[in-house]
Amino acid sequence: MAFAPRLLLPPRPPLPAPPARASARHSGGVGRTAPELSGPTPRVVVVTSGKGGVGKTTTTANLAASLARLGLPVVAVDADAGLRNLDLLLGLENRVNLTAADVLAGDCRLDQALVRHRSLRGLHLLCLSKPRSKLPLAFGSKILTWVADALRRGADPPAFILIDCPAGVDAGFVTAIAPAEEAVLVTTPDITALRDADRVAGLLECDGIKDIKIIVNRVRPDLVRGEDMMSALDVQEMLGLPLLGVVPEDSEVIRSTNRGVPLVLTDPPTPAGLALEQATWRLVERDAMTAVMVEEQERPKKKGGFFSFFGG
């Protein structure tokens, strides 16, 4: 018999939405203070990579924080059932008492499991389960589909549901992508990450997710100029997907992670923080950037190189 949990109490009157606001650091058009939200809401976006350690959770945390700063309510979902980290990056590790597993077990309501960020009014965190715990098999791969449907039917639905997908392509991946309509594919410019990213892109398309954009993380222009690292243009040509953002290598990432404060909240802004803010604008507007790098114009053209690893 199909399991259909009761996730919410009867709807409550909606609260007024906070006014949209944006930092002067954003790269919108002249006179604009916020991006124009494209498409019906809530938009369900999965942030995935395939390979672990490429910055997927860091990207999720910063996209969520940047959306909230723009006045767009967002629920960030940590879909890793046993090894969650999104709460650490958002500084909420001591406030997660209830999870989606508790909701589906009937122990609490969904709104009780949402953890509100201290300083960002529109940002809430939902963890799939407690650390080192496993989901009951009866929940299956539809757990996040039920959660997304419940948030959509709620009295005050968010503008975005961001799902931080676990690494790999096993059952956790299937669960995370099930409710998604869009995907942000995070990769680094190395051959191991790119091979995994290419595989994940194919799996996403097979699942019906056609709106896939890539973020190239940890780019070092000095290595690109020396042909020791692929450029963002190389990566885009190899994967054949629109480019959402290019994030440079930034030592502030480690400090930000240890403090539990997303890079986009750092003042003065860091290079990586600025790049992630700009990526958020493109995400909101369903836009993409053109990967024309200065390094491409400066470095000489040679045969072989990185593409030779892939038979190109």
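Evaluate the range 158-166: report whether one residue or more is of a type in the set (Phe, Trp, Tyr) and in a strand (DSSP E or B). Yes, there is a match, as at least one residue in the range 158-166 is of a type in the set (Phe, Trp, Tyr) and in a strand (DSSP E or B). The set of residues from the range 128-157 being at pLDDT 95 or above and outside any helix (DSSP H, G or I) comprises just one member, Pro157.
Using the structure shown, decide if Asp107 is of a type outside the set (Gly, Ala, Ser) and without any contact (Cβ under 8 Å) to a residue 60 or more places away in the chain. Yes, satisfied. Residue count for the range 49-62, restricted to those that are among the hydroxyl-bearing types (Ser, Thr, Tyr) and within 17 Å of Val75 (Cβ to Cβ): 3. Residue selection: Ala288 satisfies the criterion of being under 18 Å from the mean Cα position of the chain (by Cα), surrounded by fewer than 19 Cβ atoms within 10 Å (Cβ to Cβ) and at negative phi. Before we move on, is Val47 touching a Cys at 6+ places or on another chain (Cβ under 7 Å), open to solvent by less than 20 Å² (accessible area, probe 1.4 Å), within 15 Å of Ile161 (Cβ to Cβ) and not in a loop (DSSP other than H, G, I, E, B)? For Val47, the condition - touching a Cys at 6+ places or on another chain (Cβ under 7 Å), open to solvent by less than 20 Å² (accessible area, probe 1.4 Å), within 15 Å of Ile161 (Cβ to Cβ) and not in a loop (DSSP other than H, G, I, E, B) - is met. Please verify whether the range 85-99 includes one or more residues that are charged (D, E, K, R), crowded, with 24+ Cβ neighbours inside 10 Å and not in a loop (DSSP other than H, G, I, E, B). So far as the range 85-99 goes, no, none of its residues is charged (D, E, K, R), crowded, with 24+ Cβ neighbours inside 10 Å and not in a loop (DSSP other than H, G, I, E, B).
In the range 30-43 there is at least one residue matching the filter, namely being open to solvent by less than 30 Å² (accessible area, probe 1.4 Å), at pLDDT 95 or above and not in a loop (DSSP other than H, G, I, E, B). Scanning the range 223-278 for residues that are open to solvent by 20 Å² or more (accessible area, probe 1.4 Å), part of a helix (DSSP H, G or I) and of a type in the set (Ser, Thr, Tyr) turns up just one, Thr257.
The values are calculated or read from the model by the stated rules, or taken from the named source; none is laboratory data. Worth saying up front: this structure is predicted, and the values here are computed from it rather than measured. FYI the Cβ positions are ideal-geometry reconstructions off the backbone, even for glycines, and counts take in every protein chain you see. Quick note on the areas: whole protein, heavy atoms, side chains included, nothing else; ligands and nucleic acids left out. Shrake-Rupley method; radii C 1.70, N 1.55, O 1.52, S 1.80 Å.
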